[in-house]
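Following: one structure in structure tokens, then a few remarks.
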Amino acid sequence: MPQNLSTNQTSRIVWLDVLRLFAIFMVICIHCSDPFNVSPEARSNPEFNRWGSIYGSFLCPCVPLFVMITGILLLPVKMSFEDFYKKRLLRIAFPFLLWSVLYNLFPWITGVLGLPQTLISDVFAYAPADASQSFADAARNIALIPFQFNVYTVPMWYLYMLLGLYLYMPFFSLWVERATVKQKRIFLGLWCLTLFLPYAYSFFSPNLLGISAWNSFGTLYYFAGFNGYLLLGHYLANDVREWSWTKTLAVTLPMFVAGYIVTYTGFKTITANPDCSEQEMELFFLYCSPNVALMTAALFLVVRKIKIKSDKLISLLANITKCGLGIYMAHYFVVGLGYALADAMAIPVSLRIPVTAVIAFAICWAFVALCYKFSPKYSKWIFG
């Protein structure tokens, strides 16, 4: 391990805990920005469009940072396929199913309690105002959990992707363990080329590099996706020496600014059109895109320079890491409440997204931490 992975007396990689905190808070923030970006009415409001674009563009590295952390901690895999799958898949499979069921039951529960349908869209930004409160529709959504997420389980898309990475990782690990630094760089170079493909498909032609109506797997398909972030995290942590602050800022500031300008300009331009499609709205927010990758790598390189010596702060960060998956699972229930509280406090539009995120984060962290304190055995099954 390079020097930047030095740990405290409990062998924690402290700066990774800091990186997790950034990633967790950014995920909550990005969901708090949904009311600013999802509906045509919000996008047509200049103030909402501006601040939704400003914050949303900054927050895109959240998921790639999580994947990079996974690559650092788990590559190469040091256990058998069976043990790895048992430990990793079971850790998230039960909480994933449990919270997916709870989210899907929420609309029906509001009906049982006699609450208005509009409450559902207040809690879930993507839900229609006339969302169904019937048990039959909730049961149908629950039956489909193994196959897809929906407007009530939006954050769960990440768990589907993470399960896929876990299935793939032991195979990928065999190559990573034997690959030279040069070979890793070649793979990352080819992966970087794939980051430009979404724009090429949108602005040039959807049929490139062999893709056609009868083939979805083009030339660079096998180097594409979140596995690139797995390798990038592993590579930067293990094969790139820690730089001085001067070099770090000299490299990362232009990277982040360039990525942010592309993300912000593209997203704001597209979402200024209230009739833009969902695919168009997400184009410049795609996690596997060059602009988001630049911002992600820049944040990663800066955070790994952070050194923390306070035992209390290290312990606090460790607790957030322990509660992290639980905070992620629960936060989508609380975002609507946080937004309502920020609105009731007359928080300016310019600050409403981060204030809502702070409220949601604090509530979820307190809830998950208390559950772990009073029932650690069962909390592991509930929160992962």
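Tell me the label-point distance for the pair Leu163, Val349, using the 7 Å Cα-to-Cβ offset, in nm and rounded to one decimal.
4.0
Which net charge results when you count Lys and Arg as +1 and Asp and Glu as -1 among the other residues whose beta-carbon is under 12 Å from that of Trp243? Write down the numbers at each step before the final one.
Values: positive: Arg241, Lys247, Arg304, Lys305; negative: Glu242.
Its environment carries a net charge of +3.
So which trypsin sites (Lys or Arg not before Pro) in segment 252-322 are both in a DSSP loop and have at most 10 other Cβ atoms within 10 Å of their Cβ?
Lys307, Lys309
What FRET efficiency, computed as 1/(1 + (r/R0)^6) with R0 = 45 Å and r the Cβ-Cβ distance, is obtained for Leu113 and Lys87, rounded to the nearest 0.05?
About 0.70, to the nearest 0.05.
Give me the distance between the Cα centres of segment 177-195 and segment 48-78, rounded to whole Å.
Cα centroid to Cα centroid, the span is 20 Å.
If I model a spin label at Leu370 and Thr248 as a point 7 Å from the Cα along the Cα→Cβ vector, what separation in nanometres do I get?
Modelled inter-label distance: 3.7 nm.
In this model, which of Lys78/Lys307; Lys184/Lys377; Lys307/Lys373 are farther than 32 Å apart at the alpha-carbon?
Over 32 Å apart, Cα to Cα: Lys184/Lys377.
Measure out, as a whole number of angstrom, how far apart the alpha-carbon centroids of segment 284-326 and segment 355-384 sit.
Spelled out, the Cα-based centre of one part sits 19 Å from the other.
Which net charge results when you count Lys and Arg as +1 and Asp and Glu as -1 among the other residues whose beta-carbon is under 13 Å from that of Phe300?
Surrounding charge for Phe300 is +2.
Identify the chymotrypsin sites (Phe, Trp or Tyr not before Pro) of segment 201-249 meeting these criteria: DSSP loop state and at most 16 other C-beta atoms within 10 Å of the C-beta.
When the chymotrypsin sites (Phe, Trp or Tyr not before Pro) of segment 201-249 are filtered for loop state and at most 16 Cβ neighbours within 10 Å, Phe204, Trp214, Phe217, Trp243 remain.
Can you give the local net charge around Thr70? Use residues other than it whose beta-carbon is closer than 11 angstrom to its beta-carbon, Lys and Arg +1, Asp and Glu -1.
+2
Please state the shape class of the chain: rounded when a/c is under 1.5, otherwise prolate if a/b exceeds b/c and oblate if not, all from the C-alpha gyration tensor.
Because its axes are fairly even, with a/c under 1.5, the chain counts as rounded.
Rounded to the nearest 0.05, what FRET efficiency do Gln148 and Lys312 give with R0 = 51 Å and r taken as the Cβ-Cβ distance? Could you check?
Calculated transfer efficiency: 0.75.
Residue-wise, which Karplus ³J(HN,Hα) couplings in Hz belong to segment 172-183, taking 6.51 cos²θ - 1.76 cosθ + 1.60, θ = phi - 60°, and x for glycine or proline?
Along segment 172-183, the couplings run 4, 4, 4, 6, 4, 5, 9, 6, 7, 4, 4, 5 Hz.
Since every read-out is calculated from the coordinates, none of them should be taken as a lab result. Here the structure is a predicted model, which means the values were calculated and not measured. Every residue, glycine among them, receives a Cβ derived from its backbone with ideal geometry; neighbour counts consider all protein chains shown.
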